[in-house]
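*Asks:* Can you read through this structure? Questions will come right after.
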Amino acid sequence: MSAFLQIVLAGLFPVLAIIAALTDLTSYTIPNWIPLGLVAAFGVLAATIGLPVGVLGSHALVGAAALAAGMGLFALGWIGGGDAKLLAAGCLWFGWPGAETFLFDTAVAGGLFAGLLLAARKQPIRALWPLPAGWVARLITPGEPAPYGVAIAIGALAAYPSADLLRFIHPSY
């Protein structure tokens, strides 16, 4: 299969991660087509690069485990359903042990993002800003949830250059 098609398919991962972050940030939702697009792009990419069956199975197992864990976190009310699906789709792309780096980077990004939100939601800081309209107002309103898709996307983008999947596209990457 052409190297250009493989690069385009591989490029869908960061593009869809960024779209997920922006939609979650502005609407507190991650549309289902984003994680589904990530899963479909992974499947087509895996087929075009001839990903070995064992490696493919490992990626699928990690994605399924992440989906199960995400569903548990969703049931506890700790993350949204879109976050759980996005996290699982990301883990599918990273496989094992790459998912460790992805999850660590996501946790760090989540902590930093939560700290920024807490600071922005403090009354003294809010008093200095004119009250913005729309999604920014909701974002800095105390008590509102955090759009964790932002942290997941940042973690994905930080970890993506080291994804082992990329070595099958261009061995010297």
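What follows is calculated from the coordinates using simple rules that are stated; it is not laboratory data. As the structure is a prediction and not an experimental result, all values here were calculated from the model. Heads up, the Cβs are rebuilt from the backbone with ideal geometry, glycines too, and the neighbour counts pull from every protein chain shown.
*Asks:* For helix 149-159, what angle does its Cα long axis make with the longest principal axis of the chain, in degrees from 0 to 90 and rounded to 10?
*Replies:* Approximately 40 degrees, to the nearest 10.
*Asks:* What does the helix-only formula give at 222 nm for the chain: each DSSP H stretch with n ≥ 4 adding -39500 (n - 2.57), the total divided by the residues, and the result rounded to the nearest 500 deg cm²/dmol?
*Replies:* Working: 8 runs with 132 residues, N = 173.
When only DSSP H runs of four or more count, the value is -25500 deg cm²/dmol.
*Asks:* What percent do you get for the relative contact order of segment 1-124 when only Cα pairs under 8 Å and 6+ apart count?
*Replies:* Worked out over segment 1-124, it gives 23 percent.
*Asks:* Would you mind classifying segment 1-69 by shape? Square roots of the alpha carbon gyration tensor eigenvalues, ordered a ≥ b ≥ c; an a/c under 1.5 is rounded, otherwise it is prolate if a/b is larger than b/c and oblate if not.
*Replies:* oblate
*Asks:* With everything on Cα atoms, drop me the angle between helix 33-49 and the longest principal axis of the chain, reported from 0 to 90° to the nearest 10.
*Replies:* Once rounded, the angle reads 20 degrees.
*Asks:* Moving on to the next point. Can you order the peptides 137-145, 87-95 by their average number of other Cβ atoms within 10 Å per residue, highest first?
*Replies:* My ranking of the peptides, most packed first, is 87-95, 137-145.
*Asks:* Apply the Karplus parameterisation 6.51 cos²θ - 1.76 cosθ + 1.60, with θ equal to phi minus 60°, to every residue of segment 3-17 and state each ³J(HN,Hα) to the nearest whole Hz, in sequence, with x for glycine and proline.
*Replies:* 4, 4, 4, 4, 5, 4, 4, 5, x, 5, 4, x, 5, 5, 5
*Asks:* Can I ask one more? How big is the Cα convex hull of the chain in projection, averaged over all directions, in nm²?
*Replies:* 10.5
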